[in-house]
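J.: Dumping the structure here so I can ask a few things about it.
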């Protein structure tokens with residue numbers, strides 16, 4: 001998996017600018033954004049899919065972002081952990097972020113135990129977890145680790161030996177793994193967990209189960225009947241519970257998932273509109289275009305041209 005699939009925003013042209021710093025190795029990437037505000041106004045206002053396990057750490061300011069259809073407001077010291085997710089950034093104020101992403105392949109190669117990062121959840125399909133890092137010295141370890149990693153990544157190449165690039169890759173990968181282990185250590189020492197999701201009840205369980213099923217099936221299944229049958233509920237019961245709990249219908253949640261993925265592919269892939277329609281199991285591009293315009297007010301072509 002290429003690194004732009006882990007972090008799909010167009011970072012190549014700006015990775016040496018003051019807007020963003022980027023380090024990548026095989027199946028892993030870490031991004032430092034000193035001031036998110038400017039990027040949210042431009043590139044990062046679009047929803048994007050991060051394909052890999054992700055940790056987002058706010059070291060300054062505030063930001064509201066949407067992950068897995070839930071809004072989270074991060075402040076200084078907050079860390080969010082999540083699986084592969086469609087993420088969209090919203091309001092922010094003087095916000096500095098570190099975004100760390102890696103795939104299962106990287107974790108296996110480097111012997112990273114994913115359960116160390118997710119000790120309190122069996123599944124993160126329906127929501128992610130936000131931790132509060134209370135100790136300032138622990139929070140400061142993230143910028144220190146990133147600086148060391150970035151210095152190694154950007155150091156001038158030594159071409160005296162044919163294996164110099166291989167050794168550099170090994171060094172970066174092991175430094176990156178050390179950074180991930182540091183996050184694991186922080187998570188294991190943190191007791192306070194915060195989410196913007198309502199306290200657990202039966203309706204909450206049903207809603208989380210629906211979101212989990214949508215995450216797995218939205219590309220092929222778009223009927224209330226399918227999701228109700230998977231949950232052993234009647235469509236009428238599921239519809240009533242979801243609307244009362246979330247304020248949106250099941251159909252609206254299905255549309256949210258599908259439209260976010262269309263936007264993500266239009267923005268961050270080279271797939272044609274026809275290919276996207278096939279990828280998302282539409283009968284033809286015309287049908288997808290009508291569907292997309294009904295919800296967004298724009299055709300897929302118009303949305304792609306505006307980016």
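J.: Residue 229 passes all but one of (1) without any contact (Cβ under 8 Å) to a residue 24 or more places away in the chain; (2) surrounded by fewer than 18 Cβ atoms within 10 Å (Cβ to Cβ); (3) in a loop (DSSP other than H, G, I, E, B); which number fails?
T.: (3)
For (1) without any contact (Cβ under 8 Å) to a residue 60 or more places away in the chain; (2) in contact with a helix residue (DSSP H, G or I) (Cβ under 7 Å, 6 or more places away or on another chain); (3) surrounded by fewer than 23 Cβ atoms within 10 Å (Cβ to Cβ); (4) not assigned by TED's automatic domain parsing to the domain that holds residue 149, each residue gets a yes or a no:
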site: 28; (1), (2), (3), (4): no, yes, no, no
site: 31; (1), (2), (3), (4): no, no, yes, no
site: 34; (1), (2), (3), (4): no, no, yes, no
site: 38; (1), (2), (3), (4): yes, no, yes, no
site: 45; (1), (2), (3), (4): yes, no, yes, no
site: 57; (1), (2), (3), (4): no, yes, no, no
site: 64; (1), (2), (3), (4): yes, no, yes, no
site: 73; (1), (2), (3), (4): no, no, yes, no
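J.: Take the residues in region 232-274 that are in a loop (DSSP other than H, G, I, E, B) and either modelled with pLDDT of 90 or more or crowded, with 19+ Cβ neighbours inside 10 Å (or both), then tell me which one is farthest from the chain's Cα centre (by Cα).
T.: 234
J.: All but one of (1) part of a helix (DSSP H, G or I); (2) over 27 Å from the mean Cα position of the chain (by Cα); (3) modelled with pLDDT under 85 hold for residue 205; which doesn't?
T.: With respect to (1) part of a helix (DSSP H, G or I); (2) over 27 Å from the mean Cα position of the chain (by Cα); (3) modelled with pLDDT under 85, residue 205 is out only on (2).
J.: Could you list, in sequence order, the residues of region 277-307 that are within 17 Å of residue 222 (Cα to Cα) and either in a loop (DSSP other than H, G, I, E, B) or not assigned by TED's automatic domain parsing to the domain that holds residue 217 (or both)?
T.: Residues satisfying the conditions are 280, 281, 282, 283, 284.
The values are calculated or read from the model by the stated rules, or taken from the named source; none is laboratory data. For clarity, every value in this text was computed on a predicted model and none was experimentally measured. Here the Cβ is made from the backbone with ideal geometry for all residues, glycine too, and neighbour counts use every protein chain on show.
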